[in-house]
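In what follows, a structure is listed as structure tokens, so that the remarks can point back to it.
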Amino acid sequence: MKKIGLALGGGGAKGFAHIPILEVFDELGIKPYCIVGTSIGSILGALYASGHSAADIVEMTKQLIAPRNASFKSIIRGKELFRALNLIDPHFSLKPQGLLKGEKFLGYLYDQMNANTFEELSIPFKAVATDFWRRKQVVFESGNLLPAVRASMAIPYVFTPVRINDQVLVDGGLVNNVPHDLLSAKCDIRIAVDIMGEWSIPKTKTPSPMDAIFHSYEVMQDAIAGTKLRSYPVDIYMRPPLMDIGVLDFYKADTIYEQGLAAKDDFKRKLEQLLSKKRPKIGWLRGK
């Protein structure tokens, strides 16, 4: 069986679009050889690497944002309370480091994961974070799992930074939002999933202060991802057709998942084609 490397990009709530991609692996009865994730990609990547199926992750998501048996649509229509509010722990301070500390959210994930350390995962996994003051990438692949995932998803001023040793760590999306360059050299097939999405907002509109903050972040991430792809080409680069989804739009879970489904059949077809092809006799002829 060919070794598949999977890189899951960051994007906050847009991460629900990763689930249809993971469903393809389950439907084909295969698993990635390794997974690399940034931000929400590190959360879903760690869950999947710990042994959970895509269906398990869907169920976790439902339980996270609504009581048992509540549908995504009922949440959106206001029939159920947004249960995730119970998992948010505001960081109140005269000198706030972030709007949310993240302990409750990560505690929920901790309860769902089947591993405490990277070494216990059933699939080799890496999580990407950013050393804020040194302005450089930090890659975790060993030791305690949850602090690394928390650091990877610590969007500046939304989540409190994570301190590990002498580093102040924040969201890995600042330096490497779609980290396919970190996939193992042993991979025969390299896959990257970019969940940046698009906006239908008129391009002449003056952005609001909130739009300016988050969209500036996305402009930077998009530029880095484009440069990275030119330097480190992959076999499949998926960009689900997400439209008008913000990084904090978790209440749109159903919509995001449905938009992500639009890329599922195309991804499955491309992956099956690559799996059916014979390996080249000379490995170094492949791209990076």
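The values are calculated or read from the model by the stated rules, or taken from the named source; none is laboratory data. All figures in this text were calculated on a predicted structure; none of them were measured in a lab. Don't worry about glycine lacking a Cβ; one is built from the backbone with ideal geometry, like all the others, and counts go over all protein chains shown. Heavy atoms of the whole protein, side chains included, go into the accessibility calculation; ligands, DNA and RNA do not. Shrake-Rupley method; radii C 1.70, N 1.55, O 1.52, S 1.80 Å.
Accessible area of M210, 1.4 Å probe, to the nearest 10 Å²?
Roll a 1.4 Å probe over it and M210 shows about 110 Å².
Cross-link list K62/K136; K31/K228; K126/K228; K14/K205: which exceed 28 angstrom alpha carbon to alpha carbon?
K62/K136
Work out the charge dipole of the stretch 133-287 with +1 on the Cβ of Lys and Arg and -1 on the Cβ of Asp and Glu about the Cα centre, then indicate which of Y237, Q273, L145 is farthest towards its positive end.
Q273
Which aspartates and glutamates have a Cα lying under 17 Å from the Cα of K252, excluding residues fewer than 8 positions away in the same chain?
Straight-distance partners of K252: E59, E80, E198, D244.
Which chymotrypsin sites (Phe, Trp or Tyr not before Pro) in the stretch 182-240 pass both tests, a DSSP loop state and at most 15 other beta-carbon atoms within 10 Å?
W199
Report the trypsin sites (Lys or Arg not before Pro) located in the stretch 105-197 that are in a DSSP loop and have at most 16 other Cβ atoms inside 10 Å of their Cβ, or state none.
Those satisfying the criteria are R134, R135, K186.
Identify the trypsin sites (Lys or Arg not before Pro) of the stretch 1-45 meeting these criteria: DSSP loop state and at most 16 other C-beta atoms within 10 Å of the C-beta.
Hits after loop and neighbour filter: K2, K3.
Please compute, over every Cα-Cα pair in the stretch 202-258, the percentage with a separation greater than 16 angstrom. Can you show the working numbers first?
On the way: 959 of 1596 pairs.
Counting every Cα pair in the stretch 202-258, those more than 16 Å apart make up 60 percent.
Name the residues whose placed amide hydrogens come within less than 5 Å of the amide hydrogen of N116, ignoring near sequence neighbours (fewer than 5 apart) on the same chain.
So N116 has HN proximity to no qualifying residue.
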